[in-house]
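The structure appears right after this line, and notes come after that.
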Ligand SMILES: CC(C)(COP(=O)(O)OP(=O)(O)OC[C@H]1O[C@@H](n2cnc3c(N)ncnc32)[C@H](O)[C@@H]1OP(=O)(O)O)[C@@H](O)C(=O)NCCC(=O)NCCS
């Protein structure tokens, strides 16, 4: 039995009642749900040393990737999160962006991303994060979106800041990486930031 004493920020069923949206972004980028045909490129991304460095949870086989994609579909259906491939004009996959840990009561969600090596340095992550957050804080109804990155991941810090997620603080020893625990920067964008 739900015992929340304040109104939920987002009504249950308001996202899962429809298909996961395709989100247009600037510069011809399009965020679309993953399809099984993306499994090879998704698996290949996790062979990149930089993605391996910052993402400790990773699939090892195409079968595992397909399991992840199924979980992504369930996340949407159960209103736990949303997972998008970043593409350009319906072309090849350039990267991944996600919202995780939907909390409809408080209207908050986490965000995460990676970009394939050949697509880096062209604004893909920043543009995708701006588009995702405009949808998340707009049509989807969230009030606050947050993300965290290792204090050693300067590129991710730059992406967050450029996309309108200012640094809020440092979470000491918050995540385990291959070389041990890292302090993590917390960044967030809130609905009332939008017109700043
Ligand atoms: C971090 C990552 C997502 C950035 O993707 P991208 O599409 O290249 O990002 P953008 O082009 O939008 O912006 C990158 C910014 O970081 C800056 N940058 C890149 N490498 C940097 C570094 N080592 N130190 C500081 N800034 C750096 C770029 O100069 C650019 O800023 P600018 O436009 O002001 O010059 C991508 O490098 C990646 O996938 N890395 C591996 C996985 C990862 O780090 N995921 C995030 C985990 S929290």
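Key figures for this structure:
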quantity	calculated
Tabulated pairs, the range 75-97, first modelled with pLDDT under 95, second part of a helix (DSSP H, G or I), C-beta under 7 angstrom, 6+ apart or interchain	88/28; 89/28
Failed item in (1) near the ligand (Cβ under 10 Å from one of its atoms); (2) surrounded by fewer than 20 Cβ atoms within 10 Å (Cβ to Cβ); (3) farther than 23 Å from residue 52 by Cβ, with residue 127 passing the rest	(2)
Yes/no for residue 49 being exposed (fewer than 15 other Cβ atoms within 10 Å of the Cβ) and touching a residue at least 12 places away in the same chain (Cβ under 8 Å)	no
Residue match in the range 57-65 (condition: closer than 25 Å to residue 145 by Cα and in contact (Cβ under 8 Å) with a residue 24 or more places away in the chain)	no
Residues of the range 144-156 satisfying the condition of being in contact with a strand residue (DSSP E or B) (Cβ under 6 Å, 6 or more places away or on another chain) and either farther than 14 Å from residue 111 by Cβ or within 8 Å of the ligand (Cβ to nearest atom) (or both)	147, 148, 149, 150, 151, 156
Number of the condition not met by residue 50 [criteria: (1) within 13 Å of the ligand (Cβ to nearest atom); (2) touching a strand residue (DSSP E or B) at 6+ places or on another chain (Cβ under 7 Å)]	(2)
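The values are calculated or read from the model by the stated rules, or taken from the named source; none is laboratory data. As the structure is a computational prediction, the values presented were derived from the model and not from experiment. Neighbour counts run over all protein chains shown; Cβ positions are idealised from the backbone, glycine included.
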